[in-house]
1. Hey, what does the equivalent ellipsoid look like for the chain, semi-axes from the Cα gyration tensor as sqrt of 5 times each eigenvalue, largest first, whole Å?
2. Grab the beta carbon distance between Thr33 and Ala266, set R0 = 60 Å, and tell me the FRET efficiency rounded to 0.05.
3. Classify region 387-536 as rounded, prolate or oblate, taking a ≥ b ≥ c as the square roots of the eigenvalues of its Cα gyration tensor: rounded when a/c is under 1.5, otherwise prolate if a/b is larger than b/c and oblate if not.
4. Over region 1-125, what relative contact order in percent results from Cα pairs under 8 Å that are six or more residues apart?
5. Just in region 429-536: which GluC sites (Glu not before Pro) are loop by DSSP and have at most 12 other Cβ atoms within 10 Å?
6. Rounded if a/c is under 1.5, else prolate if a/b beats b/c, else oblate: with a ≥ b ≥ c from the C-alpha gyration tensor eigenvalues square-rooted, which is region 36-144?
7. At 0.36 nm per residue, minus the direct Cα-Cα distance, what do Glu118 and Arg292 gain on full extension? Give it in nm, one decimal, please.
8. With an 8 Å cut-off on Cα pairs and a minimum separation of 6 or more residues, tell me the relative contact order of region 121-267 in percent.
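The values are calculated or read from the model by the stated rules, or taken from the named source; none is laboratory data. Being a predicted model, the structure only gives us computed values, none of them experimental. Note: ideal-geometry Cβ built from the backbone for every residue, glycine included; neighbour counts use all protein chains shown. Surface areas here come from the heavy atoms of the whole protein model, side chains and all, with no ligands, DNA or RNA. Shrake-Rupley method; radii C 1.70, N 1.55, O 1.52, S 1.80 Å.
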Amino acid sequence: MGDDARIDYDAIVIGAGFAGLHMLSELRKSGFTCHAFETGDGVGGTWYWNRYPGARCDIESLDYCYLHDRELHRDWRWSERFATGPEIRRYAEHFAERAGVLPSITFGTRVTAAAFDETSSTWLVRTERGGLGDEVRCRFLVTAVGCMSAAAVPDITGASRFRGERLHTGRWPHEPVDLAGKRVGVIGTGSSGIQVIPEIAATAAEVVVFQRTANFSVPAGNRPLTEAELAAEPERYEERVELASTTRFGHVVAGTGQSILDTGQAEREAALEQRWATGGTGIVATFTDTGRDLEANALLADFVRAKIRATVHDPETAERLVPRGHPIGTKRLCVDSGYFGTFNSEHVRLVDLRAEPIEEITEAGVRTARAGYPVDVLVYATGYDAFTGALTRIDITGRDGVSLAKRWASGPETYLGLAVAGFPNLFTITGPGSTTVLSNVLRAIEHHVAWITDLLRHLRSTGQAAEADQGAQDDWTGQVADAAGRTLYHHADSYYLGANIEGKARVFMPYAGGLDVYRGICDSVARDGYRGFTLS
Ligand code: N01
């Protein structure tokens with residue numbers, strides 16, 4: 001620890017989504033003075049911003065919720081198998097009220113910078129609210145900024161000339177957007193596009209979907225949760241807690257336990273049909289080898305391709321919607337409610353940007369290499385500068401004034417996705433190098449919050465600061481690359497690799513080794529007196 005300096009709080013938390021709320025709550029329970037700053041005017045993070053029609057989670061409600069509070073889990077009644085955005089937001093609000101953390105959050109306030117002061121071993125955090133700046137000093141800085149929160153809007157020539165309304169799915173207006181009778185263009189066919197397109201088509205007069213990469217998507221099979229399911233939940237609690245540390249995703253994804261290559265065609269088809277009918281992403285776990293063997297993966301991919309062809313009436317449109325060029329699951333598998341069937345409607349058309357790239361946006365709409373498409377509203381479902389964007393958009397400087405954004409210019413390097421060498425007492429919940437969205441992110445958040453809280457309590461008792469060692473970080477960065485190397489992820493241009501952001505280093509960012517393995521490693525690091533950290 002350095003010289004004493006006046007601190008405003010023991011800890012500052014950036015963000016009041018699921019991670020920030022839980023972090024604040026645990027810090028308060030442990031007697032730390034703490035405060036959070038949140039850009040939005042309410043809690044929920046991702047679910048505060050993603051208000052586009054059709055927004056739903058692709059993980060089942062009973063898994064996509066906190067487990068650390070047994071009573072909360074018992075008392076909250078999810079209404080559907082896959083909760084809507086508004087229901088998840090209400091849940092976050094309920095948690096924040098119940099945990100009593102709202103007075104510890106300043107809303108509508110962006111953290112613009114954070115600088116480590118080596119003399120006092122404190123962080124000076126700069127915020128901005130309505131153009132006015134402020135500064136607070138703390139010992140520990142915890143980022144809870146989310147993995148998919150820095151919206152990516154592609155720089156398309158002429159975009160600012162467009163006379164209609166431009167919307168990004170991740171920055172959707174709070175008031176309802178009336179699309180009735182309007183011509184709507186949608187750019188992007190990832191999870192957000194695939195969810196919003198059927199909803200837009202239900203009201204708009206015309207929909208033009210601009211697709212760069214056809215995506216694999218499976219039906220959600222959404223439905224109301226039954227009384228029996230809800231009644232059984234308290235008894236399932238222990239099992240869910242157990243699964244959080246013993247499974248790859250943090251919850252059970254049941255499969256046959258068989259190799260698809262060793263399974264005969266009839267049995268294979270029957271198993272996949274059953275998973276298709278059940279709905280959700282579980283279909284990728286039906287067989288053991290589809291995530292690591294290209295030949296095995298192709299069998300599953302062909303099954304989904306056949307489903308698309310069987311759904312879409314116009315054979316030409318169907319062929320354009322059939323994903324090619326990347327194995328299934330190497331871009332996030334989408335979960336939809338009637339996406340492919342939407343293209344059977346007369347007023348919905350698909351523009352294949354591989355055949356006719358966008359040349360510019362004009363006052364009237366989108367012009368591709370082949371034609372002009374006049375629209376009244378243009379929806380960008382173009383995703384996020386994932387994993388690093390929300391961190392590097394804050395001017396974070398560590399020892400010697402080194403900037404985090406510059407440090408990560410060739411790709412993020414972290415120790416366990418939780419800490420960065422040269423940035424003492426900075427902790428990154430679900431940071432790059434942790435399992436993040438390759439696991440149930442709620443389980444990853446709960447693990448990180450518990451782990452960080454334990455470390456901060458330890459540091460409080462010893463009066464020390466913690467800094468990741470460069471060697472430990474180098475080793476972990478190698479492990480992250482090795483884990484990805486054992487999968488098929490490198491066969492796709494995805495946001496996992498930063499490929500969706502022009503100029504971003506192409507490095508696989510999440511840890512693909514599984515949450516169970518990851519937790520085991522973090523826990524052993526703690527048991528060994530925080531191996532790989534210098535405590536001083
Ligand atoms: O973003 P994405 P998203 N010109 O990056 C296209 C979570 N999430 O917001 O594939 C034309 O997946 C881009 O094309 P391509 C979930 O983790 C979850 O949809 O790069 N097109 C792609 O089609 C998800 O994975 C839920 O060629 C351009 C699309 O835009 C993550 O958030 C719901 C383009 C972006 O897809 C992100 O999903 C929503 C350009 N210049 C989100 N730039 C659920 O829980 C980009 N694209 C269900």
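1. 38, 28, 23
2. My answer for the efficiency is 0.40.
3. Oblate shape, in that a/c is at least 1.5 and b/c is the bigger or equal ratio.
4. Values: 178 pairs, mean separation 41.4, N = 125.
Relative contact order of region 1-125: 33 percent.
5. Those that pass, being in a loop and sparsely packed, are Glu502.
6. Details: a/c = 2.69, a/b = 1.92, b/c = 1.40.
The shape class here is prolate.
7. Roughly 58.1 nm would be gained on extension.
8. Taking the mean separation of contacting Cα pairs over the length of region 121-267, I get 12 percent.
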